[in-house]
Amino acid sequence: MSSTMIRDMTKGPVVPQLLRFALPLFVSNALQAVYNLVDMVVVGNYIGKAGMSAVSIGGDLLHLLTFVAMGFSSAGQVLIARSVGTGRHDEIKRTIGTMFTFLLSASLAIALACFLLRDSVLRWLNTPAAAQRFAMDYLVTCVCGLFFIYGYNIVSAILRGMGDSRRPFLFIAVAAVLNTALDILFVKYCGMEVFGAALATVIGQGVSFLAALVYLYRRRESFGFDFRRESFRIDPAAFRRLLALGIPMAIQSAAISFSKIVLMAWVNLFDVTYSALAGIFNKVNTMCGVVSQAFTAAGSTMAGQNLSAGEHRRVNQILATILAVGLGLAALATALMLLDAGAVYGVFTPDADVLGAAAVLTLPIILNFYGSATRSAAFSLINGSGRAKLNLAIAIIDGVVSRIGLAALLGFALRLDCFGFWMGDALAGFMPLAIGGLFYLSGKWKEGPSGG
C-alpha cells in the first residue's frame, strides 16, 4: 500500500509539526462551529429572541444526537493513528470499512427515533411557548441532515488519523461559506424564518460530506481502501477495537451534551429571554472550545503515534506545547471579554431585554476559556494512550456528576438561578485537568497505548 497519504509524526521538531497539524483543525472546527453560530446571529437579528431560543434548543439537541459520531470517529482516528505508528496498514482498511457501516447505520436509526419523539422531546426540554413552532422547524430539518454530519465525521477521522488535517478544513470551509450565504438568503430575503436557517445548515453539511467522500474515493489507492461493497463489511476484530475505545468516548460526548440539555431545560423554566441567553453562552463557549478540540485531535494523533513508537520525550513536548498555547489564547480571550463584553453579546441580537441581562454570562464564560485550554492537554494524553476506562471515568465525573451536580447546587440549593447553572457548567470543565494530571503523574501513560 502506498503511504503518500500517511504522515509519520514520530520524527522531526515537535512544536512546528504540532502547530502545522493543529492550525487547519482549528480553522476547520471554527468553521463547523460557525454553522450554528451563524444561525443564531442571523435569526437573532431578523427574527428575535424567540428564534434565538429555538436555535439554541435545536442546536444543543442536535449536538447531543451526534454523540455516537463524535465518540466513534475520534476512536477511529486514534486507532488509525496507532496503526500508522506501528506500520500495520492492513488494520487501517478494516477500521475504515467498519466505521463507515456502523456509524452511517447509527445515524439513520437515531434520526428516525428523534423524528418519532419530536413532540415529547420539546416538551421534556420545557421549550418556551413563544419558541415552540420555531424549535420544531429547526429540530426536524436538522435531524434530516444527521446522515451528513456522521458521514463528514467519518471521512475527517480517516484523514486526520493519517496525519492530514488540511483537507477536512478545505471541505468545511466551502460548506461554511455556503451555509452563511444561504442563511442570509433564506431568512432575510425569502422570509423562511428558522426553517430557512436549518435548511441552510443541512445543505452545507451535505456539500461538506459529499466533497470529502469524493476526495477520499479518488485517492482510494493511496491508503488501501477500495470502496468495494465487501470492504464495508464490519470486521469483528476491528469492531471490537472500535467499541472498546469508542464507547467511553461516545459516553463522554453524550454525557457532556446531556448535561447541557439538562441545564437548558432548567434555564427554560424561567423565560424566553434567559433561553436566548443560554444560546449566547453555549455559542461563545463553542467558539472558545474550537481551540481545545483542534489541539485534542492533533495531540491525540501525535501522542498515539509517539507512544506506539516509545517516544516519551516527544509526548512531553507535545503536552507542554498544547498547554502553553491554550493558556495564552485563554488570556487573550479574557482580556477581550473584560474590555467590552457588551460588544460580544451585541453580535447576536439587538434585543434590549437580552442585552440588559447578558452581564450574568461574563464570569462563567471566562472560566470556560481556561477549562477548555487545560482539557485539551489532558485528553491528548488519555486519548493517545487509548485508556478507555479512564475516558469513561471522565465522562461520568465531568459530564454528569460535576456539571449537573454543581449546577443544581449553585442554581437551586444556593438560589443563584441561571447564573448558578452556568457557573456549575464552567467549574466542571476543570475535571479533565485534575484527572489527566493524576494520570500523567502516575507514569502509567508510558506503558504505551492500551484499550483499557
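Structure summary
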{"read-out": "Boolean, GLY196 is free of Cβ contacts under 8 Å to residues at least 24 places away in the same chain, in a helix (DSSP H, G or I) and either in contact with a Phe, Trp or Tyr (Cβ under 8 Å, 6 or more places away or on another chain) or more than 29 Å from ASN126 (Cβ to Cβ) (or both)", "value": "yes"}
{"read-out": "Residues being under 19 Å from the mean Cα position of the chain (by Cα) and buried (at least 21 other Cβ atoms within 10 Å of the Cβ) - total across segment 170-206", "value": "10"}
{"read-out": "Which listed residue is in contact (Cβ under 8 Å) with a residue 40 or more places away in the chain and under 19 Å from PHE67 (Cα atoms), from ARG167, ARG160", "value": "ARG160"}
{"read-out": "Verdict on THR334 being surrounded by fewer than 20 Cβ atoms within 10 Å (Cβ to Cβ) and either part of a helix (DSSP H, G or I) or modelled with pLDDT of 90 or more (or both)", "value": "yes"}
{"read-out": "Residues satisfying the stated conditions in segment 262-307, i.e. in a helix (DSSP H, G or I), over 28 Å from ILE158 (Cβ atoms) and touching a Pro at 6+ places or on another chain (Cβ under 8 Å)", "value": "VAL272, SER275, PHE281"}
{"read-out": "Residues of segment 1-38 classified as among the charged types (D, E, K, R) and at pLDDT 85 or above, total", "value": "1"}
{"read-out": "Cross-chain or 6+ apart pairs with Cβ under 8 Å, segment 225-252 first and polar (S, T, N, Q), then surrounded by fewer than 18 Cβ atoms within 10 Å (Cβ to Cβ)", "value": "GLN252/LEU392"}
{"read-out": "Failed item, numbered, when ALA393 is tested on (1) modelled with pLDDT of 95 or more; (2) under 23 Å from the mean Cα position of the chain (by Cα)", "value": "(1)"}
{"read-out": "Helices (runs of 4 or more DSSP H) completely within segment 59-125 that count 2 or more residues being at pLDDT below 85", "value": "67-86, 89-116"}
{"read-out": "Residue within segment 118-135 that is under 30 Å from GLN305 (Cβ atoms) and acidic (Asp, Glu) present", "value": "no"}
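The values are calculated or read from the model by the stated rules, or taken from the named source; none is laboratory data. None of these values were measured; they are calculated from a predicted model. Methodologically, a virtual Cβ is constructed for each residue, glycine included, from the backbone with ideal geometry; neighbour enumeration extends over all protein chains shown.
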